1. So which pairs qualify, if the first residue must be in region 43-63 and at pLDDT below 95, the second must be surrounded by fewer than 17 Cβ atoms within 10 Å (Cβ to Cβ), the Cβ gap must be under 7 Å, and the two must be at least 6 apart or on different chains?
2. Would you confirm whether any residue within region 94-114 is among the aromatic types (Phe, Trp, Tyr), free of Cβ contacts under 8 Å to residues at least 60 places away in the same chain, out of contact with any Gly (no Cβ under 7 Å at 6 or more places or on another chain) and under 22 Å from residue 25 (Cβ atoms)?
3. Only helices (runs of 4 or more DSSP H) wholly contained in region 15-131 count here; list those with 1 or more residues that are open to solvent by less than 40 Å² (accessible area, probe 1.4 Å) and over 18 Å from residue 144 (Cβ atoms).
4. Against the definition (open to solvent by less than 10 Å² (accessible area, probe 1.4 Å), in contact with a helix residue (DSSP H, G or I) (Cβ under 6 Å, 6 or more places away or on another chain) and not in a helix (DSSP H, G or I)), how does residue 140 come out, yes or no?
5. Checking the conditions here, which among 103, 133, 117, 113 is among the acidic types (Asp, Glu) and under 14 Å from residue 33 (Cβ atoms)?
6. Go through (1) touching a strand residue (DSSP E or B) at 6+ places or on another chain (Cβ under 6 Å); (2) more than 14 Å from residue 150 (Cβ to Cβ); (3) open to solvent by 20 Å² or more (accessible area, probe 1.4 Å) one by one and return the number of the condition residue 8 breaks.
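The values are calculated or read from the model by the stated rules, or taken from the named source; none is laboratory data. Note that the structure is a prediction, hence the values are computed from the model and not measured. Glycine also receives a Cβ, built like all others from the backbone with ideal geometry; neighbour counts cover every protein chain displayed. The accessibility values were calculated without ligands, DNA or RNA, using every heavy atom of the protein model including side chains. Shrake-Rupley method; radii C 1.70, N 1.55, O 1.52, S 1.80 Å.
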Amino acid sequence: MSATITLPDEDATFRMADCVADNAAAGLTVLLDGPVGAGKTTLARRVIQTLLAREGKAEEVPSPTFTIVQTYAAGSLEIWHADLYRLTSTSELFELGLEAAFDQSFCLVEWPDRLGDTTPPALRVTLSYGGSDTSRNCRLEADGPLAQNLQTTLLKAFAP
């Protein structure tokens, strides 16, 4: 099922990130799609910072553009933040250990088109520019029970 919500400003994006953090669980993957500058890293960074803050941790959350993967621990929850922009082949995913992380960790993946056939069941969040500099349209597509639960929660939270 696909649905679209509007994020009128950065505060709405942060509310969405907090909602994702509220539902973060091992085995849940969120695929962040959209053009450069659409807010993928902003959304991922806020989710991670929210989860860490709940554990009393304050940590800088850099974009993993050059490292490809950054991992964090929020209590017993392992968080993987991947930016696959620089990958040239799906064989590189095996070296990263990302496939195992999909089953065992909470994963946020930017540029998920690089996953190819290895794409796990996930909530795909496609961000696009809205009607203003700060507005974003956000298409949600859920595959799998954890993703469907998160999608339902987000749609309720952002119902008009």
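1. 55/75
2. no
3. It comes to 40-54, 91-96.
4. Here the answer is yes, as residue 140 does meet what is asked.
5. After ruling out the rest, the residue left standing is 113.
6. All conditions are met except number (1).
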